[in-house]
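Engineer: Attaching a single structure in structure tokens format; questions to follow.
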Amino acid sequence: MEKTVQELAQYLQGTYENDNPELKITGVKGLVEAGPQDISFAVPPYVEHCHKSRAGVMVLSPQDPPLDGRPVIRVENPRGAFALLLELFRPQEEVERVVSQYAFVHPTAKVGANVAIQAFSYIEAGAVIGDGCVIYPHVYVGKRVKMGENCTLYPNVTVREDCILGNRVILQSGAVIGGDGFGYVNQKDGTHTKVLQTGNVILGDDVEVGSNSCIDRATVNSTIVGSGTKIDNLVQLGHNDVVGKNCLMCAHVGISGSVTIGDNNTFAGQAATTGHITIGSNNLFAGRSGVIGNVGDNNKMAGFPAQPYKEWLKTEASLRKVGDLLKKVKELEKEIKKLQQQ
């Protein structure tokens, strides 16, 4: 594929400068990898390094400084523009929309139009597969599962019985939706008796769940993930959790059972919560934050236990001075001892 700078600017709904009408762009790459026929992008703090890239065209925001003589396309969201360019130059491979003869689809399952079910997938009784869904090899879809339209289930995904998926849900390889919640009764003799997990999981529209992440079914009722929420690899959501819309959960996040989370929250890597708490909306929890109590709206928190981010920074800065403080204390102890001896 070849595109001119002008064509790319129109595609991105941006404006261009320093146009080179003879330049043909054939690919999209990062700043370091890009060559003279590639287009790339930059956001702060990397904009100042643009001149070092060999990219033929750069995508920048209107607020970024000029670039020496090289074609530039100005858009409000360079990162979003880069995502569009990837779709243009590297579109996903088409999947043949057929049900493989090597897949098992129960006679009572309902399969919509334009669906792909690839070899060795297993679709249980009463399942409903919406129009346009793609199910890759070795996927298990349990009894009475309901899937909306245009969902994609990559290899080795498991969706247990009675779970509900909205439209355009993406489950990456190895994700488990609706596994049993971690529920046990401790007996006097030290043994642990399993509590039957009778609920399900409901995923809203446009939810994506990363590889080897697990969302447990509720003990009763439903574990819920709101529309637009994106979950990274190796994330655990416990039973009876309710997660709002448009949340981000990075790798190794762990949410204990019966936690209610509002909309637009971001949990950075390895952040975790205790169970049975309520978290509001528009919060940011830094990596390895430990949330042990209720949190309101519009907070930026870090540390264990999680505290306001600026307070955590002050605490961390103070901890770095502890070594010097201990030395001073030892010196003072020596001086006091000398004075006592005198």
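The values are calculated or read from the model by the stated rules, or taken from the named source; none is laboratory data. Keep in mind it's a predicted model, so treat the numbers as computed, not measured. FYI the Cβ positions are ideal-geometry reconstructions off the backbone, even for glycines, and counts take in every protein chain you see. For accessibility, only protein heavy atoms count, side chains too; no ligands or nucleic acids. Shrake-Rupley method; radii C 1.70, N 1.55, O 1.52, S 1.80 Å.
Yes or no, residue by residue, for (1) modelled with pLDDT of 95 or more; (2) surrounded by 13 or more Cβ atoms within 10 Å (Cβ to Cβ); (3) not hydrophobic (A, V, I, L, M, F, W, C):
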{"site": "87", "(1), (2), (3)": "no, no, yes"}
{"site": "90", "(1), (2), (3)": "no, no, yes"}
{"site": "94", "(1), (2), (3)": "no, no, yes"}
{"site": "100", "(1), (2), (3)": "yes, yes, yes"}
{"site": "103", "(1), (2), (3)": "yes, yes, no"}
{"site": "106", "(1), (2), (3)": "yes, yes, yes"}
{"site": "112", "(1), (2), (3)": "yes, yes, yes"}
{"site": "115", "(1), (2), (3)": "yes, yes, no"}
{"site": "122", "(1), (2), (3)": "yes, yes, yes"}
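Engineer: If you take the residues of segment 212-259 that are among the hydrophobic types (A, V, I, L, M, F, W, C) and out of contact with any strand residue (DSSP E or B) (no Cβ under 6 Å at 6 or more places or on another chain), which of them is most open to solvent (accessible area, probe 1.4 Å)? Break it down stepwise before answering.
Structural biologist: Step one: filter segment 212-259 for residues among the hydrophobic types (A, V, I, L, M, F, W, C), giving 214-215, 218, 220, 224-225, 231, 234-235, 237, 242-243, 247-251, 253, 255, 259.
Those still in the list that are out of contact with any strand residue (DSSP E or B) (no Cβ under 6 Å at 6 or more places or on another chain) too: 218, 220, 234, 247, 250-251.
Numbers: 218: 0, 220: 78, 234: 94, 247: 0, 250: 49, 251: 31 Å².
Here the residue is 234.
Engineer: Tell me, please, whether a residue that is open to solvent by less than 60 Å² (accessible area, probe 1.4 Å) and more than 32 Å from the chain's Cα centre (by Cα) can be found in segment 30-39. Spell out the reasoning first.
Structural biologist: Restricting attention to segment 30-39, the residues satisfying the condition of being open to solvent by less than 60 Å² (accessible area, probe 1.4 Å) are 30-31, 34-35, 38-39.
Restricting the remaining residues to those that are more than 32 Å from the chain's Cα centre (by Cα) gives none.
There is no residue in segment 30-39 that is open to solvent by less than 60 Å² (accessible area, probe 1.4 Å) and more than 32 Å from the chain's Cα centre (by Cα).
Engineer: For residue 155, only one of the following conditions fails: (1) of a type outside the set (Asp, Glu); (2) crowded, with 17+ Cβ neighbours inside 10 Å; (3) touching a His at 6+ places or on another chain (Cβ under 8 Å); (4) under 17 Å from residue 175 (Cα atoms). What is its number?
Structural biologist: With respect to (1) of a type outside the set (Asp, Glu); (2) crowded, with 17+ Cβ neighbours inside 10 Å; (3) touching a His at 6+ places or on another chain (Cβ under 8 Å); (4) under 17 Å from residue 175 (Cα atoms), residue 155 is out only on (2).
Engineer: Do we have any residue at all in segment 8-21 that's more than 25 Å from the chain's Cα centre (by Cα), without any contact (Cβ under 8 Å) to a residue 40 or more places away in the chain and open to solvent by less than 20 Å² (accessible area, probe 1.4 Å)?
Structural biologist: No, segment 8-21 has no match at all.
Residue-by-condition table, conditions (1) modelled with pLDDT of 90 or more; (2) in a loop (DSSP other than H, G, I, E, B); (3) within 28 Å of the chain's Cα centre (by Cα):
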| residue | (1), (2), (3) |
| --- | --- |
| 270 | yes, yes, yes |
| 281 | yes, yes, yes |
| 287 | yes, yes, yes |
| 297 | yes, yes, yes |
| 304 | yes, yes, yes |
| 312 | yes, no, yes |
| 315 | no, no, no |
| 338 | no, no, no |
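Engineer: Now for a separate question. Identify the residue in segment 271-280 that is open to solvent by 30 Å² or more (accessible area, probe 1.4 Å) and either without any contact (Cβ under 8 Å) to a residue 12 or more places away in the chain or among the hydroxyl-bearing types (Ser, Thr, Tyr) (or both) and, among all such residues, is farthest from residue 306 (Cα to Cα). It would help to see each step written out before you state the result.
Structural biologist: Step one: list which residues in segment 271-280 are open to solvent by 30 Å² or more (accessible area, probe 1.4 Å), which gives 272, 274, 276, 278.
In the following step, the residues that additionally are either without any contact (Cβ under 8 Å) to a residue 12 or more places away in the chain or among the hydroxyl-bearing types (Ser, Thr, Tyr) (or both) were identified as 274, 278.
Numbers: 274: 11, 278: 14 Å.
In this case the residue turns out to be 278.
Engineer: Looking at the structure I just gave you, is residue 330 more than 26 Å from residue 216 (Cβ to Cβ) and modelled with pLDDT under 95? Show your work before the answer.
Structural biologist: Numbers: more than 26 Å from residue 216 (Cβ to Cβ): yes; modelled with pLDDT under 95: yes.
The answer is yes for residue 330.
Engineer: Where residues in segment 313-331 are among the hydrophobic types (A, V, I, L, M, F, W, C) and open to solvent by less than 70 Å² (accessible area, probe 1.4 Å), which of them is farthest from residue 279 (Cα to Cα)?
Structural biologist: The initial filter retains those residues of segment 313-331 that are among the hydrophobic types (A, V, I, L, M, F, W, C), namely 313, 317, 319, 322, 325-326, 329.
Pick out the ones that are also open to solvent by less than 70 Å² (accessible area, probe 1.4 Å) and you get 317, 322, 329.
Numbers: 317: 28, 322: 34, 329: 42 Å.
Out of the qualifying residues, it is 329.
Engineer: Select from segment 124-140 the residues that are among the aliphatic types (A, V, I, L, M) and open to solvent by 30 Å² or more (accessible area, probe 1.4 Å) and list them in ascending order. Steps first, answer last, please.
Structural biologist: Start the filter on segment 124-140 by keeping residues that are among the aliphatic types (A, V, I, L, M), which leaves 125, 127-129, 134-135, 139.
Residue satisfying the conditions is 128 alone.
Engineer: What are the pairs with Cβ atoms under 8 angstrom where one residue, in segment 251-269, is over 19 Å from residue 297 (Cα atoms) and the other, located anywhere, is open to solvent by 40 Å² or more (accessible area, probe 1.4 Å) and hydroxyl-bearing (Ser, Thr, Tyr)? Sequence gap at least six, or different chains.
Structural biologist: Note: pairs meeting the criteria are 256/274.
Engineer: Scan segment 45-72 residue by residue and report those that are within 12 Å of residue 28 (Cβ to Cβ) and in contact (Cβ under 8 Å) with a residue 24 or more places away in the chain. If you could, list the steps in order and put the result at the bottom.
Structural biologist: In the first step, residues of segment 45-72 are kept if they are within 12 Å of residue 28 (Cβ to Cβ); the result is 55-59.
Result: 55, 56, 57, 59.
Engineer: Determine which member of the set 304, 285 is in contact (Cβ under 8 Å) with a residue 12 or more places away in the chain, among the aromatic types (Phe, Trp, Tyr) and surrounded by fewer than 18 Cβ atoms within 10 Å (Cβ to Cβ). Don't jump to the end; show me each part of the working.
Structural biologist: Numbers: 285 fails: surrounded by fewer than 18 Cβ atoms within 10 Å (Cβ to Cβ).
Matching residue, one of 304, 285: 304.
Engineer: Give me a count of the residues in segment 142-154 that are within 15 Å of residue 214 (Cα to Cα) and either of a type in the set (Val, Ile, Thr) or not in a strand (DSSP E or B) (or both). Before you say what the answer is, go through the steps one by one.
Structural biologist: Keep residues of segment 142-154 that are within 15 Å of residue 214 (Cα to Cα), which gives 153-154.
If we keep only those that are either of a type in the set (Val, Ile, Thr) or not in a strand (DSSP E or B) (or both) as well, we get 154.
Residues meeting the conditions: 1.
Engineer: Looking at (1) without any contact (Cβ under 8 Å) to a residue 24 or more places away in the chain; (2) open to solvent by 40 Å² or more (accessible area, probe 1.4 Å); (3) not in a strand (DSSP E or B), find the lone condition where residue 173 falls short.
Structural biologist: Failing condition for residue 173: (1).
Engineer: Scan segment 86-97 and report the pairs whose first residue is closer than 21 Å to residue 137 by Cα and among the aliphatic types (A, V, I, L, M) and whose second residue is surrounded by 10 or more Cβ atoms within 10 Å (Cβ to Cβ) and modelled with pLDDT of 90 or more, with Cβ atoms within less than 7 Å and a gap of 6+ or a chain change.
Structural biologist: 95/116; 95/134
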